[in-house]
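Colleague: Here you go, one structure.
No lab work stands behind these numbers, since they all come straight from the coordinates. Computed from a prediction, not measured in an experiment: that's the story for all the values here. In this analysis, Cβ positions are derived from the backbone assuming ideal geometry, glycine residues included, and neighbour counts consider all displayed protein chains.
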Amino acid sequence: MASEYHASRFTSGNRIFPASITVDGNQIRYRKSRWFGLTEEAINCQHVSSLRVNRGMIWSNMTIETSGGSQPIVINGLSHGAAEAIEAAVRKAQAEEVGKE
């Protein structure tokens, strides 16, 4: 079952078009709308090399780096619960894949 998390509109870069992250099984999908078009990136959880969460007083900022060498995904304005849920889902998917080997 897919879980979708949205950044708050009260944070910088998300006022008009808030970013969103969807975690579906073994895949993370990042979406950010623009005036003309959409930026979308899908990452397999096994390719996540680093997942950093900076927790502020109100919002959390998350940085997802991949082993493929692409630019890291930075999403600002997540709730603390959403950041923890994304982190737990990625760790769980990585642990399940290691268990299959």
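Colleague: Express in nm, to one decimal, how much length is gained between R91 and Q71 on full extension, taking 0.36 nm for each residue of separation and deducting their alpha carbon distance. List each step's numbers first, then the result.
Modeller: Values: separation 20, 0.36 × 20 = 7.20 nm, distance 2.06 nm.
So the extension gain works out to 5.1 nm.
Colleague: Over the Cα atoms of segment 1-49, Rg to Rh with Kirkwood Rh, two decimal places?
Modeller: Rounded to two decimals, Rg/Rh equals 1.02.
Colleague: Working from Cα positions, state the angle (0 to 90°, nearest 10) between the long axis of helix 80-100 and the longest principal axis of the chain.
Modeller: In the chain, helix 80-100 runs at an angle near 20 degrees to the longest axis.
Colleague: Once you mark the chymotrypsin sites (Phe, Trp or Tyr not before Pro) that are in a DSSP loop and have at most 14 other Cβ atoms within 10 Å, what is the longest gap between them in the chain?
Modeller: Answer from the scan: 37-101.
Colleague: When the chain is fully extended, how far beyond the present Cα-Cα distance does T22 get from N44, taking 0.36 nm per residue of separation?
Modeller: Between T22 and N44, full extension yields 6.7 nm more.
Colleague: Something else about it: H80 to R52: extension gain in nm, 0.36 nm per residue of separation minus the Cα-Cα distance?
Modeller: Length gained, H80 through R52: 8.8 nm.
Colleague: Rounded to two decimals, what is Rg over Rh for the chain when you use alpha-carbon atoms and the Kirkwood radius?
Modeller: My calculation puts Rg/Rh at 0.97.
Colleague: Label-point separation (nm) for F10 and R34, each offset 7 Å from Cα along Cα-to-Cβ?
Modeller: 2.9 nm
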